[in-house]
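Take a look at the structure below.
The values are calculated or read from the model by the stated rules, or taken from the named source; none is laboratory data. Everything numeric here is computed off the predicted structure, so don't read it as measured data. Don't worry about glycine lacking a Cβ; one is built from the backbone with ideal geometry, like all the others, and counts go over all protein chains shown. Accessible surface areas use protein heavy atoms only, side chains included; no ligands, DNA or RNA. Shrake-Rupley method; radii C 1.70, N 1.55, O 1.52, S 1.80 Å.
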Amino acid sequence: NYPFASAIMAFIRGGNSSEFLNSVFSICDNYPKKCLDILMNHIGTHDTMRAISALVAEEPMGRGRDWQAEQKLLPEQLRRGVVLLKLAAALQYTLPGIPSLYYGDEAGLSGYGDPFCRAAYPWGKENAELLEFYQKLGKIRRECSALKDGELIPLDSGFGLVCYKRVSENSELLIAVNRWRESDSVYVGDEWNTAEIKHGISPKEGILTVPPEDFVILTREK
């Protein structure tokens, strides 16, 4: 599902929520639901730059393999890359379809395109913060039935804030992702004030305020 991947990465790198949602719903509107529910949702593959590199590394701009092979993320790039990769993964794991994790992304592997995106898994040298985060996302995915086949419903979003729900017969999940470097708010309704917090904080009087470069996931039974 490259269209979802392109939409996610473009939004996290600085795109606006309207363009993101338009791209997502163009797929949802044109795919039969049985296909939509089993799309392989990725944010990187063996044919692309590593996700963390695509978010923070210098563009190759036609530079050759020798240059690409020598590039390593600087410590400050890595720190920011972890922050942005979490935002991208939160979208990847909550959109319709099945999250498909390219080995090593959860460990913080970086690299440009083929063959530099195909390095061996860094056993014993994983980024512990990312590894724990992806385990948390997997747990959320398993526990919320709305993520299996729930309808995608957008909520009001700002330029750098996207918010939507997944709604099934028995449960609902709400996610809001804020790529701004300052807090932003969205009205989600009073029914979410007492929802279970999977990540982040609760709304107050129906208004959800998402911290800078962070996200919120809430779930509730119907």
Solvent-accessible heavy-atom area per residue, rounded to whole Å², over the stretch 77-215 at 1.4 Å | 46 Å²
Would you mind checking the radius of gyration and Dmax of the stretch 1-49 based on alpha-carbon positions, in Å?
-> 11.3, 32
Can you give me the three principal axis dimensions of the stretch 1-102 from its C-alpha atoms, in Å, biggest first?
-> 44, 24, 22
Find the Rg to Rh ratio for the stretch 97-196, where Rh is the Kirkwood radius over alpha-carbon pairs and Rg uses the same atoms.
-> 1.05
Where labels lie 7 Å past Cα in the beta-carbon direction, separation of Val167 and His199 in nm | 2.3 nm
How far, in nm, would the chain grow between Glu221 and Glu151 when pulled straight, counting 0.36 nm per residue and subtracting the alpha carbon separation?
-> 23.7 nm
Share of accessible surface on carbon and sulfur in the chain, whole %, 1.4 Å probe and ligands ignored, is 52 percent
Reported to two decimal places, what Rg/Rh ratio describes the chain when computed on Cα atoms with Rh from the Kirkwood expression?
-> 0.97
Ordering Thr45, Thr194 from largest to smallest accessible area (1.4 angstrom probe), what's the sequence?
-> Thr194, Thr45
Can you give me the relative contact order of the chain as a percent, contacts being Cα pairs under 8 Å and 6 or more apart?
-> 18 percent
Top to bottom by accessible area (1.4 Å), largest first, where do Val186, Val83 land?
-> Val83, Val186
Taking the Cα centre of the chain as origin, sum charge times position over the Cβ atoms of Lys and Arg (+1) and Asp and Glu (-1), and report the length of that vector in debye to the nearest 20.
-> 420 debye
Ignoring everything but the protein chains, give the 1.4 Å probe accessible area of Phe116 in square angstrom, nearest 10.
-> 50 Å²
Kindly provide the helix-only [θ] at 222 nm of the chain, computed as the sum of -39,500 (n - 2.57) over DSSP H runs of four or more divided by all residues, to the nearest 500 deg cm²/dmol?
-> -10500 deg cm²/dmol
If you rank Trp192, Trp67, Trp123 by how much accessible surface each has, with a 1.4 Å probe, what is the order from largest down?
-> Trp123, Trp67, Trp192
Solvent-accessible surface (1.4 angstrom probe) belonging to His46, in square angstrom, nearest 10 = 80 Å²
